Amino acid sequence: MNKQEKHEVVAELTETFKNNNVVYLADTTGLSANATNAFRRMLFNSGVSMRMAKNTLINIAMENSGKDFGDLKNVLSGTTCVMVSENLKAPAKAIKTFRDKAQLPVLKGAWLDNNVFVGDATLEDIINLKSKEELIGDVIAMLQTPARNVISALQSNAGHKIAGLVKAVSESKS
């Protein structure tokens, strides 16, 4: 790879890091060519793009992106593939699904909306993370629960008694 090609790769990776809030780094060492192609297909079908690059070029691109990747730079050794996606969990789920067939790839780390996850042990944690939309849905459901309880109590037989008592109290004050 000549100097011009390296600059092009760094520029492409820098744009990738600037424009994505979901970046995974994985090690595919030991995967055969057929297995790597099968993994790429699985990622593509999940909406994840994958790119192999040299660690020094990835490191330069991370620095040029203007984002703080923290300890994620420390995992840059050996073979590294960069995966990006719009979906926070898609790469993690694809890695786990593919590893059901083989023991690879190994998650080196992930940068998810300014949060750094380092090591393969964090794969399950990432899969179990709730998305922003799921958290908003949980909060809305929690806010609706007391109102639903009051409405159902008022609609039940006990609710008729409560409504009768409220009506009696209001009439007695008149």
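The values are calculated or read from the model by the stated rules, or taken from the named source; none is laboratory data. Predicted, not measured: the structure shown is a model, and the values here were computed from it. Neighbour counts are summed over all protein chains in view; Cβ atoms, including those assigned to glycine, are modelled from backbone coordinates with ideal geometry.
Considering each residue of the range 115-127, count those that are assigned to a helix (DSSP H, G or I) and either β-branched (Val, Ile, Thr) or not assigned by TED's automatic domain parsing to the domain that holds Asp100 (or both), and give that number.
Selection size over the range 115-127: 3.
Yes or no, residue by residue, for (1) in a strand (DSSP E or B); (2) surrounded by 18 or more Cβ atoms within 10 Å (Cβ to Cβ); (3) of a type in the set (A, V, I, L, M); (4) at pLDDT below 95:
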| site | (1), (2), (3), (4) |
| --- | --- |
| Leu57 | no, yes, yes, no |
| Asp68 | no, no, no, yes |
| Met83 | yes, yes, yes, no |
| Lys101 | no, no, no, yes |
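Pairs please, first residue from the range 4-26 and without any contact (Cβ under 8 Å) to a residue 60 or more places away in the chain, second anywhere and exposed (fewer than 13 other Cβ atoms within 10 Å of the Cβ), Cβ atoms under 7 Å, 6+ apart in sequence or on different chains.
Lys18/Gly66
Would you mention how many residues in the range 1-20 are touching a strand residue (DSSP E or B) at 6+ places or on another chain (Cβ under 7 Å) and in a loop (DSSP other than H, G, I, E, B)? Give the derivation first.
Our first condition is that a residue be touching a strand residue (DSSP E or B) at 6+ places or on another chain (Cβ under 7 Å); within the range 1-20, this holds for 9, 13, 16-17, 20.
Then drop every residue that is not in a loop (DSSP other than H, G, I, E, B), which leaves 20.
Residues that pass the stated criteria total 1.
Can you run down the residue pairs with Cβ atoms below 8 Å, 6 or more apart or on separate chains, where the first is in the range 27-38 and at negative phi and surrounded by fewer than 17 Cβ atoms within 10 Å (Cβ to Cβ) and the partner is aromatic (Phe, Trp, Tyr) and assigned to a helix (DSSP H, G or I)?
These pairs meet every condition: Ala38/Phe98.
Return yes when Lys73 is assigned to a helix (DSSP H, G or I), at pLDDT 95 or above and either of a type outside the set (Val, Ile, Thr) or exposed (fewer than 15 other Cβ atoms within 10 Å of the Cβ) (or both) and no when it is not. Explain how you work it out, then say what you get.
Details: assigned to a helix (DSSP H, G or I): yes; at pLDDT 95 or above: no; either of a type outside the set (Val, Ile, Thr) or exposed (fewer than 15 other Cβ atoms within 10 Å of the Cβ) (or both): yes.
Here the answer is no, as Lys73 does not meet what is asked.
Scan the range 114-125 and give yes if some residue there is in contact with a helix residue (DSSP H, G or I) (Cβ under 7 Å, 6 or more places away or on another chain), farther than 22 Å from Leu31 by Cα and in contact (Cβ under 8 Å) with a residue 40 or more places away in the chain, otherwise no.
Going through the range 114-125, the residues in contact with a helix residue (DSSP H, G or I) (Cβ under 7 Å, 6 or more places away or on another chain) turn out to be 116-118, 123.
Subsequent filtering for residues that are farther than 22 Å from Leu31 by Cα retains 116-117.
With in contact (Cβ under 8 Å) with a residue 40 or more places away in the chain added as a condition, the list becomes 116.
Yes: the range 114-125 contains one or more residues that are in contact with a helix residue (DSSP H, G or I) (Cβ under 7 Å, 6 or more places away or on another chain), farther than 22 Å from Leu31 by Cα and in contact (Cβ under 8 Å) with a residue 40 or more places away in the chain.
Report yes if Gly47 is over 17 Å from the mean Cα position of the chain (by Cα) and not hydroxyl-bearing (Ser, Thr, Tyr), otherwise no.
no
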